[in-house]
Amino acid sequence: MNIALPDKLYFKIGEVAQLADVKTSVLRFWESEFDFLKPEKSSTGQRLYTKKEVALILEVKRLLYAEKFTISGVKQRITPRGKLLAEEISPPPRHADPIGLLREIKTDLQALKNQLQQ
């Protein structure tokens, strides 16, 4: 998910919600969950996100929605200071032959059953 961010210092919460395609309430919730999301507030109380925070929000959305991470999983992937960890957390490897895998599991279960019956 590479979105070209406008070249500006601060983004209002509505702009960020539109860029990330999430509701503003989701952004406020993420602020309560992730230490790296602490936008400044204007004199009128408007949240002002930096470009780095917007990029992190897009990464959080990707991890949660596309990669199916939990909130806890995202916290392990992004440090409280907002640094992405280089170590990739990859999903378990897929078996090249799912039918073969099922046959292998069936054989193992039958062998286990035979051992238990002895």
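Pick out the one residue from Lys113, Lys41, Lys75 that is modelled with pLDDT under 95, surrounded by 10 or more Cβ atoms within 10 Å (Cβ to Cβ), out of contact with any Asp or Glu (no Cβ under 9 Å at 6 or more places or on another chain) and among the basic types (Lys, Arg).
Values: Lys113 fails: surrounded by 10 or more Cβ atoms within 10 Å (Cβ to Cβ); Lys75 fails: out of contact with any Asp or Glu (no Cβ under 9 Å at 6 or more places or on another chain).
One residue alone meets the criteria, Lys41.
Right, Glu59: modelled with pLDDT under 90, charged (D, E, K, R) and within 17 Å of the chain's Cα centre (by Cα) or not? Spell out how you get there, then give the answer.
Working: modelled with pLDDT under 90: no; charged (D, E, K, R): yes; within 17 Å of the chain's Cα centre (by Cα): yes.
Judged against the criteria, Glu59 is not a match.
For the range 1-27, how many residues meet the condition of being part of a helix (DSSP H, G or I) and within 16 Å of the chain's Cα centre (by Cα)? Before the answer, list the steps.
So in the range 1-27, the residues part of a helix (DSSP H, G or I) come out as 13-20, 24-27.
Next cut, within 16 Å of the chain's Cα centre (by Cα) only: 20, 26-27.
Adding up the residues that qualify gives 3.
Could you check, for the range 85-103, whether at least one of its residues is in contact with a His (Cβ under 8 Å, 6 or more places away or on another chain) and in a helix (DSSP H, G or I)?
Going residue by residue through the range 85-103, those that are in contact with a His (Cβ under 8 Å, 6 or more places away or on another chain) are 101.
Within this subset, residues satisfying the condition of being in a helix (DSSP H, G or I) are 101.
Among the residues of the range 85-103, at least one is in contact with a His (Cβ under 8 Å, 6 or more places away or on another chain) and in a helix (DSSP H, G or I), which makes the answer yes.
With the checklist (1) in contact with a strand residue (DSSP E or B) (Cβ under 8 Å, 6 or more places away or on another chain); (2) free of Cβ contacts under 8 Å to residues at least 24 places away in the same chain in hand, flag the one item Lys38 doesn't pass.
So the condition that Lys38 fails would be (1).
Hey, Asp35 hits all of (1) in contact with a Gly (Cβ under 9 Å, 6 or more places away or on another chain); (2) in a strand (DSSP E or B) but one; which does it fall short on?
Of (1) in contact with a Gly (Cβ under 9 Å, 6 or more places away or on another chain); (2) in a strand (DSSP E or B), only one is false for Asp35: (2).
The values are calculated or read from the model by the stated rules, or taken from the named source; none is laboratory data. Fair warning: this is a prediction, and the values are worked out from it, not measured in the lab. As a convention, Cβ positions derive from the backbone with ideal geometry for all residues, glycine included, and neighbour counts pool all protein chains shown.
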